[in-house]
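Chemist: Have a look at the structure that comes next, please.
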Amino acid sequence: MQIRCFHRRPALKGLYPFVGFQYVFRLLAFSVILASLTGCGEDLVEEPVAKPETDTGNLTVKTLQGVVKGSFDKGVRQWKGIPYARPPVGELRWRSPRPPKTMDEPLQADTFGDVCVQPPHPFGSPPPEVAEQKVWGSEDCLYLNVYAPPNAENLPVMFWIHGGSHVVGSGHQYDGSLLASSQQVVVVTHNYRLGPFGWWYYPSGDPDPRDASGNFALLDHLQALAWVRENIVGFGGNPRNVTLFGESAGAVSVAALVASPYGRGFFHAAIMQSGSIALGASTATASNYSDDLREPGSDFSSREILLRFVTSSENPEEEEECDRSCALVRLAGLSPSRQLELARSIPAETLVDLYGDTLNLLIRMPKVILDGNILPRKGLRKALRDRETGSLVPVILGSNKDEAKLFMAVDPNHVFSVANIPVWRWNADEYEREAKYRSLVWRLYGVDIPATELVNARVPVWSYRFDWDDLVDSPFVDFTKLFGAAHAFEVPFVFGDFSLFGPLSRVIANEDNQPAREMLSNRMMAYWGAFAHNKDPGKGRDGEGVEWERFRPNRGVSFMHLDTDGDKLATRMSDESPLTLESLLDTLASDEDIDEDERCLLFETWFSPILTASELEQGAQRVGCQEGLVQLSGE
């Protein structure tokens, strides 16, 4: 029996305006204390262990860059830490990824590559020795991992994009072994540039539109996909049958790749788990000074960050103290290319530190930049329905019933904690109401709006809602009420790996819920596998599930419930109508359990940040909160 015991979390961010990240940090302490209270190893959830195979298949593969030698473990062939691009360091920082160099010697691909530079946030699974550091990882981080069944030949490829608010995480947090072996697919995971290394738009007059786009994380995905197209045949994969799948920020990246004209031809289907199309920063937001009179930028735009560097004691070129006015003058005296050269000289740790609190990186730094080249300026929602720009491939979209509860459960405004362990909710009714509307807003922009747009563009679409909340019983904490079917809780089911959460796995998995939990995981993997093989989840690859019908709102077909009932599967199609902004606002307005103050607070906090000006005005009128709208606008 193999047991892993460390703080492993899948990425948890996707719909940034709706997430209270200042409270999520408490999860790390929660994990540590939970492990110490229960022990770390004896009865933690077992890692999937496959039976030994007598025929491992070929472990030595020749790629365009050279020979790579893999290993055999858990019933599959594995190759770890394969470079798919040159290290994006020095002059290659903030440039599109370049193809990797040819290797002079065979690569022993049995060790994962370095994670990309990131703050030591618990969701990135940092080792204990870096917990007190400002950053960990390396800029030399563009590596991928391949999991393939023995003797695989021409199998579908499933290309995973991890989440983490585009700021933390790594590909090797996710073990593709069981998904690959059970569904006869080749699974590829990869690292990509994070935070300001992955999202940095700085107008410098660069003639290459890719180098100038600012969307370096997306370009990393495309380079990894290019590597797959060129090399995956040698690993038993079919480059003409590639399915993207990602969760949270990873699902946002999947949506962006579907919307981007640069994505065409690299993939043939897409799965978006708990993503959002409500994101996207203009080039002005991403680069202008915050006090620009015409188009003010973010407080964390690229120019603002460079300005902070010029005024900081970390700048070796400044011998005297230089305030904002001084720094503006000095930068104005440099050409745009020289300004960018100065930015490239900033050490990685200093660059991350210039953003201050990690919260600023997670939710305030501009990401998913609508540069008009890699991503259309009109935004993801309009781009998804445009048959001239994006990739109109079959799509699965879904969300979890209680997305918001992951973040609310560690919010001291909602939950009383003892030694950083959440114990009970201050007001159970208010907790449930806020979780309901926050999760519905997430579903609206992560599932129903994009699904409707895609269907209108004549794209085959399937939708799900993950409802499973049969969490571990505890005499002290009602985890089912506290977390429910929370954000990211579906990820272990997709990979069949319930050790994925480290100590927090004890909240989700134990022997009591194991039979039904594994049934649901097997069913979900079968649906995901069938979609990869056939571009239709159908009844699952084994043909034994409920028929998953297409998203057809005009015919009363909405989504698949993914759940259990006791020790039995409870997967079924729903006849609920898809959400619209109008229907959700009407539900909020007519909710008799909510008084006016609470209703307007919910609207202003969880709806208004993502609405357009006209939607905000109409929405405020619809829910009876015009006074709050005036206060929001500062009038």
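Chemist: Return only the number of the condition from (1) assigned to a loop (DSSP other than H, G, I, E, B); (2) open to solvent by 30 Å² or more (accessible area, probe 1.4 Å); (3) not aromatic (Phe, Trp, Tyr) that Pro515 does not satisfy.
Modeler: All conditions pass for Pro515, except number (1).
Chemist: Ok, one more. Under 6 Å between Cβ atoms, at least 6 apart or on separate chains: pull out the pairs that start in segment 359-385 with a residue that is farther than 14 Å from Trp199 by Cα and end on any residue that is among the aromatic types (Phe, Trp, Tyr) and open to solvent by less than 10 Å² (accessible area, probe 1.4 Å).
Modeler: Leu359/Phe21
Chemist: Let me ask you something else. Open to solvent by 10 Å² or more (accessible area, probe 1.4 Å), among the aliphatic types (A, V, I, L, M) and at positive phi: does that describe Ala419?
Modeler: On the way: open to solvent by 10 Å² or more (accessible area, probe 1.4 Å): yes; among the aliphatic types (A, V, I, L, M): yes; at positive phi: yes.
Against the criterion (open to solvent by 10 Å² or more (accessible area, probe 1.4 Å), among the aliphatic types (A, V, I, L, M) and at positive phi), Ala419 qualifies.
Chemist: Can you say whether Gln626 is within 23 Å of Arg381 (Cβ to Cβ) and open to solvent by 70 Å² or more (accessible area, probe 1.4 Å), as far as the supplied structure shows?
Modeler: Taking the combined requirement at face value, the residue does not satisfy it.
Chemist: Scan segment 414-443 for residues that are free of Cβ contacts under 8 Å to residues at least 60 places away in the same chain and not β-branched (Val, Ile, Thr) and report the count.
Modeler: Initially, segment 414-443 is screened for residues free of Cβ contacts under 8 Å to residues at least 60 places away in the same chain, giving 414, 416, 418, 423-428, 431-432, 435-436, 439.
Subsequent filtering for residues that are not β-branched (Val, Ile, Thr) retains 414, 416, 424-428, 431-432, 435-436, 439.
Residues flagged as free of Cβ contacts under 8 Å to residues at least 60 places away in the same chain and not β-branched (Val, Ile, Thr) within segment 414-443 amount to 12.
Chemist: Every residue in segment 281-304 that is over 23 Å from the mean Cα position of the chain (by Cα) and either at positive phi or not polar (S, T, N, Q) (or both), please.
Modeler: Filtering segment 281-304 for residues over 23 Å from the mean Cα position of the chain (by Cα) gives 284, 287-297, 299, 303-304.
Scanning segment 281-304 gives Ala284, Tyr289, Asp291, Asp292, Leu293, Arg294, Glu295, Pro296, Gly297, Asp299, Arg303, Glu304.
Chemist: Cβ-Cβ distance below 7 Å, separation of 6 or more or different chains: which pairs start in segment 266-292 with a residue that is in contact (Cβ under 8 Å) with a residue 60 or more places away in the chain and within 15 Å of Leu306 (Cα to Cα) and end on one that is open to solvent by 10 Å² or more (accessible area, probe 1.4 Å) and of a type in the set (Lys, Arg)?
Modeler: Ser287/Arg303
Chemist: In segment 537-565, how many residues are acidic (Asp, Glu) and either open to solvent by less than 10 Å² (accessible area, probe 1.4 Å) or farther than 23 Å from Leu579 by Cα (or both)?
Modeler: We begin by selecting, within segment 537-565, every residue acidic (Asp, Glu); these are 542, 544, 547, 549, 563, 565.
Subsequent filtering for residues that are either open to solvent by less than 10 Å² (accessible area, probe 1.4 Å) or farther than 23 Å from Leu579 by Cα (or both) retains 542, 544, 565.
The qualifying residues number 3.
One line per residue, one yes/no per condition, for (1) touching a Gly at 6+ places or on another chain (Cβ under 6 Å); (2) within 19 Å of Gly246 (Cβ to Cβ); (3) part of a loop (DSSP other than H, G, I, E, B); (4) open to solvent by 30 Å² or more (accessible area, probe 1.4 Å):
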| site | (1), (2), (3), (4) |
| --- | --- |
| Leu351 | no, no, no, no |
| Gly356 | no, no, yes, yes |
| Leu362 | no, yes, no, no |
| Pro376 | no, no, yes, no |
| Ala383 | yes, yes, no, no |
| Arg387 | no, no, yes, yes |
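Chemist: Here are some residues: Gly234, Gly214, Gly205. Which one is surrounded by fewer than 24 Cβ atoms within 10 Å (Cβ to Cβ), at positive phi and of a type outside the set (A, V, I, L, M)? Outline the logic, then answer.
Modeler: On the way: Gly234 fails: at positive phi; Gly214 fails: surrounded by fewer than 24 Cβ atoms within 10 Å (Cβ to Cβ).
Testing whether each residue is surrounded by fewer than 24 Cβ atoms within 10 Å (Cβ to Cβ), at positive phi and of a type outside the set (A, V, I, L, M) leaves just Gly205.
The values are calculated or read from the model by the stated rules, or taken from the named source; none is laboratory data. A quick note: this is a predicted structure, and the numbers were derived from the prediction, not measured. Don't worry about glycine lacking a Cβ; one is built from the backbone with ideal geometry, like all the others, and counts go over all protein chains shown. Keep in mind that these areas ignore ligands, DNA and RNA; they rest on the heavy atoms of the full protein, side chains included. Shrake-Rupley method; radii C 1.70, N 1.55, O 1.52, S 1.80 Å.
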